[in-house]
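Contents: one structure, followed by commentary.
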Amino acid sequence: MMQSVAKGMLLALVLAQPAIVADAAAASNPCITTVPAGQQSSQAAIGELACQVQSHRLLLFGELHGTAESPALLGKLLREQPAARPIRLGLEWPIELQSKVDTYFRSAGTPADRVAFAAGRDWSWYDGRMSQAWLALVDTLRDLRRQGRDVQVFTMEPAYGTPADVAAAGGYLRVKEAGMANAIQEQLKDAPPGALVAALMGNYHPRVGADVPDRDSSVTYRLAADHPLVLLPGSTHGTFWAIVGSRNRAAVQTIDSAEPPLPRGEMVIKVQADAPAGVLVETILLPRFSASPHP
């Protein structure tokens, strides 16, 4: 009897992190911890993914920058979290923008507020992060806050220091991954019980498995002890807005695979087998991406 109880306690610790669900209704009717793999309707998949997120306190969301669909998907998953659950959303924006983010987040979100927020040096590099879709995601969180939800937005990209500082720390990539992981860990430490800490970043940063010869250059490996759920949306067709290559100007880029696109309203979910122990990584194939340009 004692042995079976001990095994049950160990399983609970592995599958559910401390203080995961703050909503009593969700606790009495717990969500599933797995999502059926394979092709299914987008509506069903989003509901299942949102339910799955409830069993994790850390969500790493890795996107191809410059699309409308990926930030919108993340917004839907966050909106579907229990009303009593605090949410902390991290964005791969420079930490120097935090005060501007706070100002916009507390604003009415008028066109003038958006213009003021999107002005400045940081918005002159069109790599897909400074996009209409990312601002719309912030607006989603801002609306939740106006409804009385406990929601905050934080920035994650660190200040790099001098080239000598960067070289001493192992290069720009290590500095960035360490800085973003540290920002997320601070939120995990300070967030209220039951909170969800979610982080939106480029899909290069949370990669796992054979794609990561240097595990210090992956946010997922740096945060593996926190048992994150990693979601990686992608598509084989469509467009995105970004700079591709050192000589390319910001423009709409095209994705055009030989394989046919998924039917509209469908998704394919796959579990990545070579994830670190205790980490769940799922790829989400969407029918088509559409470019989300600069505000």
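The table below lists the values:
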{"item": "Spherically averaged projected area in nm², based on the convex hull that wraps the Cα atoms of the range 107-264", "result": "13.1"}
{"item": "Rounded to whole Å, sorted largest first: equivalent-ellipsoid semi-axes of the range 186-259, Cα gyration tensor", "result": "30, 16, 14"}
{"item": "Point-charge dipole on Cβ atoms (K/R +1, D/E -1) for the chain, about Cα centre, debye to 20", "result": "380"}
{"item": "Globularity index of the range 33-101, i.e. its alpha-carbon radius of gyration over 2.2 N^0.38 Å", "result": "1.25"}
{"item": "172, 221, reordered so the largest accessible area comes first (probe 1.4 Å)", "result": "172, 221"}
{"item": "Largest-first principal axis extents of the Cα set of the range 48-177 (Å)", "result": "46, 38, 25"}
{"item": "Accessible carbon and sulfur surface of the chain relative to its total accessible area, %, 1.4 Å", "result": "57"}
{"item": "Accessible solvent surface per residue of the range 151-222, calculated while the other protein chains remain in place, 1.4 angstrom probe, Å²", "result": "43"}
{"item": "Packing-based ranking, highest mean first, of 224-236, 259-271 given that Cβ atoms within 10 Å are counted", "result": "224-236, 259-271"}
{"item": "For the chain, the spread of Cα positions along each principal axis, largest first, Å", "result": "66, 44, 44"}
{"item": "Antiparallel %, DSSP beta bridges [both residues in the chain], to 5", "result": "35"}
{"item": "Rg/Rh ratio calculated on Cα atoms of the range 222-277 (Kirkwood radius)", "result": "1.08"}
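The values are calculated or read from the model by the stated rules, or taken from the named source; none is laboratory data. Because the structure is predicted, anything quoted here is derived from the model rather than measured. Note that each Cβ is placed from the backbone with ideal geometry, even for glycine, and that neighbours are counted across all protein chains shown. With ligands, DNA and RNA removed, areas are computed over all heavy atoms of the protein, side chains included. Shrake-Rupley method; radii C 1.70, N 1.55, O 1.52, S 1.80 Å.
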